[in-house]
Amino acid sequence: MLFLVSASAYAQDFVNAFPEWYNNPPQTKKHFYGVGKGESRTIEIAEQKALLEAKASIAEQVEPAKVKEIKKTTKAKGGKINEEIIQQKVIEVELSDVKVLKKVFMQKGDGYTAFILLEMKKKK
């Protein structure tokens, strides 16, 4: 079960700087931490992208990702065959008691950038 605590924040003028905790998240023996960054023209979508990235960061700490390769073959004009291999990360884990510790929004022009720091207690 996933519980999120929402904190209100206002968009600040973008100064091309990340919050200090984004590049240096906390580390403890009792918790997992995940950070995320999302960009969009709407503040809500930027927040959702950042939240998804932060959750994925925690999930990878709980259970390492499995890499799945997908081979895509297409035929171009002139009969030339193009092959492309796409690698996809798959993480299957249930996150519980996830808390939003920090949330920052920055605005640049007509776009927003959201930064989120999440915390989840480690199971014993």
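The values are calculated or read from the model by the stated rules, or taken from the named source; none is laboratory data. Bear in mind that the values here come from a model prediction, so they are computed numbers and not experimental data. Counting neighbours? That spans all protein chains shown, and the Cβs are built from the backbone with ideal geometry, glycine included.
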Subset of segment 80-124 (residues that are modelled with pLDDT under 90 and either of a type in the set (D, E, K, R) or in contact with a Gly (Cβ under 6 Å, 6 or more places away or on another chain) (or both)) = Lys80, Glu83, Glu84, Lys89, Glu92, Glu94, Lys108, Lys123, Lys124
If the Cβ limit is 8 Å and pairs must be 6+ apart or interchain, which residue in segment 20-41 that is within 15 Å of Ala56 (Cα to Cα) pairs with which residue that is buried (at least 17 other Cβ atoms within 10 Å of the Cβ) and aromatic (Phe, Trp, Tyr)?
-> Tyr22/Phe115; Pro25/Tyr33; Val35/Tyr22; Val35/Phe115; Gly36/Phe115; Lys37/Tyr22; Lys37/Phe115
Which residue, of Ile45, Ile85, Ile70, is touching an Asp or Glu at 6+ places or on another chain (Cβ under 6 Å) and at negative phi?
-> Ile85
Quick one: which strands (runs of 3 or more DSSP E) sit completely within segment 13-100 and have at least 1 residues that are of a type in the set (S, T, N, Q) and touching a Lys or Arg at 6+ places or on another chain (Cβ under 8 Å)?
-> 31-40, 81-90
